[in-house]
Amino acid sequence: MEISARQFQNGFTLIEMIVAMAILSMIVAIIFPSLRVGSGAWEKGAADIDFYQRMRAVSDIIYRDISSVYSYKITPGELDTHKEFYAFFGEGDRLQFVSYTDVYRNMPGLTLLEYWVEEDKGLMAGYTPALFSTHREMRDLKSRDRDNAVLLSADVKQIRFRYFERKTKDDEGNWEERWDPETRFGRDLRQPLFVEATITFINTDEEAYEKKVLVPLSRNIL
């Protein structure tokens, strides 16, 4: 039986199959890294969105709590020599004050709040009922105890506070690195007009992002 040349043309030769497989292999080798890069970019984009949302949530909490500050007066006890002043204690790396709110919104009444950054943990918030009338009683409250302290954000590596004051309406005012309420009493009894919180966040790639939160304390505007 004779096999015509036309019958050979209906199939593929071994060389054609090898060439086709080589071309397919090259196409896959080109496409697969692109898909992997695209998948990695998508995952990073999703992680960045989640990180920015956490940044915003922390900033909103800081703004909410500080803006709800309550002008809580501490009166001198029998053994105290200080004058009457507000319970608002500000340092460069921590802030303690009385607020209408608490971290979980589950504590009725006024709350003594404290913010600070704990190494290897992040931004911490301590809260306890503001049930005190003298500075001595306030010092007995342990807002940093395990039962009273909560981790607000593990992304925060540093927080810095500044306090703006203006003694008169005509005064330009100035920023203070700390706020000692015991030096402000009598006719000088007041709280800062603004609190500035500079929060440093670190993402999973160890990249630092700085967020400034400016909070007006409107009750004290002259």
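Condition (residue is in contact with a strand residue (DSSP E or B) (Cβ under 7 Å, 6 or more places away or on another chain) and in a loop (DSSP other than H, G, I, E, B)) applied to the stretch 161-168: is it met by at least one residue? If you could, list the steps in order and put the result at the bottom.
At the first step, the residues of the stretch 161-168 found to be in contact with a strand residue (DSSP E or B) (Cβ under 7 Å, 6 or more places away or on another chain) are 161-165.
The next check asks that each one be in a loop (DSSP other than H, G, I, E, B); those that pass are none.
Scanning the stretch 161-168 turns up no residue that is in contact with a strand residue (DSSP E or B) (Cβ under 7 Å, 6 or more places away or on another chain) and in a loop (DSSP other than H, G, I, E, B).
With the condition kept exactly as written, say whether any residue in the stretch 69-76 is β-branched (Val, Ile, Thr), open to solvent by 30 Å² or more (accessible area, probe 1.4 Å) and at pLDDT below 90. Please lay out each step first, then the result.
We begin by selecting, within the stretch 69-76, every residue β-branched (Val, Ile, Thr); these are 69, 74-75.
Restricting the remaining residues to those that are open to solvent by 30 Å² or more (accessible area, probe 1.4 Å) gives 75.
From what is left, the residues that are at pLDDT below 90 are 75.
Yes, the stretch 69-76 contains a residue that is β-branched (Val, Ile, Thr), open to solvent by 30 Å² or more (accessible area, probe 1.4 Å) and at pLDDT below 90.
Taking the listed residues Thr101, Thr128, the one that is touching a helix residue (DSSP H, G or I) at 6+ places or on another chain (Cβ under 9 Å), open to solvent by less than 30 Å² (accessible area, probe 1.4 Å), among the polar types (S, T, N, Q) and modelled with pLDDT under 85 is Thr101, with no other qualifying.
How about the stretch 1-29: which of its residues are modelled with pLDDT under 75, open to solvent by 80 Å² or more (accessible area, probe 1.4 Å) and within 60 Å of the chain's Cα centre (by Cα)? Once the filter is applied, which keeps residues that are modelled with pLDDT under 75, open to solvent by 80 Å² or more (accessible area, probe 1.4 Å) and within 60 Å of the chain's Cα centre (by Cα), the stretch 1-29 yields only Val28. Just one of the listed residues (Ala197, Ala208) is of a type in the set (Gly, Ala, Ser), under 19 Å from Tyr70 (Cα atoms) and either open to solvent by 60 Å² or more (accessible area, probe 1.4 Å) or at pLDDT 85 or above (or both), namely Ala197.
Please determine whether any residue of the stretch 152-162 is at pLDDT below 85, basic (Lys, Arg) and open to solvent by less than 90 Å² (accessible area, probe 1.4 Å).
Keep residues of the stretch 152-162 that are at pLDDT below 85, which gives none.
No, the stretch 152-162 has no match at all.
Restricting attention to the stretch 169-185 and to residues that are charged (D, E, K, R) and in a loop (DSSP other than H, G, I, E, B), the residue that is least open to solvent (accessible area, probe 1.4 Å) turns out to be Arg184.
The values are calculated or read from the model by the stated rules, or taken from the named source; none is laboratory data. Because the structure is a prediction, the values reported are computed rather than measured. Heads up, the Cβs are rebuilt from the backbone with ideal geometry, glycines too, and the neighbour counts pull from every protein chain shown. Side chains are part of the model used for accessible areas, which takes the heavy atoms of the whole protein and leaves out ligands, DNA and RNA. Shrake-Rupley method; radii C 1.70, N 1.55, O 1.52, S 1.80 Å.
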